[in-house]
Amino acid sequence: MPKGNRLPSGIRTFVRLVDAMNRFIGRITMYLIFVMIAVLIYSTIMKSFFTPSLFTLEIAQFLMVAYFLLGGPYSMQTGDHVRMDLVYGMWSDKTRAWVDIFTAIFLFTYLIILLYGAISSTAYSMGVGANGILERKFSAWRPYMWPIKTIMLIGIFLMLLQAMSAFFKDIAKIRGETL
């Protein structure tokens, strides 16, 4: 493809940076599953032979949320996410790119609404607003909620960036170039 028809260098740089960042974060995040398994094994041993711990179930839940939301953008990047493939697999690459561009509109809408809610929820958990009290979970352990809500906010933002990267790659694919 002639150089004049290529996507702008800013978009190419954006795609490279987002992909590199999410690849790095995703490769680290994938090891959280082992931390979660260790927490659950510890919980099982404590419940079976000693005094049950108050915090293990919630720590495992928080680790799973972090694993899911921080690993999601990497999964999207590598194409390992779940997809209904009834007819999609039979289409050409350009047809798939057109369909992906169309469905990206819905994905962007969903992620922006989710991001708006995550910002609001994270601010509330940090005591921003009228009450000024840090939010805690209603349980015996009562952990602060701002760390996990911050991780959720970051994960949703990274997913939005990765969706934008995929969108630009689909545009490039339709134009006959690769990013």
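Dividing the convex hull volume of the alpha carbon atoms of the range 26-100 by its residue count gives 105 Å³ per residue. Only helices enter the 222 nm calculation for the chain: every DSSP H run of n ≥ 4 contributes -39,500 (n - 2.57), and dividing by all residues gives -24500 deg cm²/dmol, rounded to 500. Rounded to the nearest 20 debye, the dipole size of the range 75-144 about its Cα centre is 280 debye, using +1 on the Cβ of Lys and Arg and -1 on the Cβ of Asp and Glu. Counting only whole DSSP H helices of the chain, the ones at least 27 Å long by C-alpha along their axis and with mean Kyte-Doolittle hydropathy no lower than 1.0 are 146-174. For the chain, the Cβ-based charge dipole about the Cα centre amounts to some 320 debye (Lys, Arg positive; Asp, Glu negative; other atoms uncharged). For the pair THR103 and ARG27, label points projected 7 Å from Cα toward Cβ lie 2.8 nm apart. Per the Cα gyration tensor, the range 3-174 maps to an equivalent ellipsoid with semi-axes of 37, 21, 14 Å, ordered largest to smallest. With the simple spin-label model, which puts each label point 7 Å out from Cα in the Cβ direction, the GLU177 to THR51 separation comes to 6.5 nm. Annotation: lysines with alpha-carbon distance below 19 angstrom to LYS149 (same-chain offsets under eight excluded): LYS137. On the basis of the beta-carbon distance and an R0 of 41 Å, VAL128 and LEU40 show a calculated FRET efficiency of 0.75.
If R0 equals 30 Å, the separation of the Cβ atoms of ASN5 and ASP85 corresponds to a calculated FRET efficiency of about 0.40.
Here, each number is a calculation from the coordinates, and none is a lab measurement. Remember, predicted model here, so these are calculated numbers, not experimental data. Note that we place each Cβ from the backbone using ideal geometry, even for glycine, and neighbour counts take in every protein chain shown.
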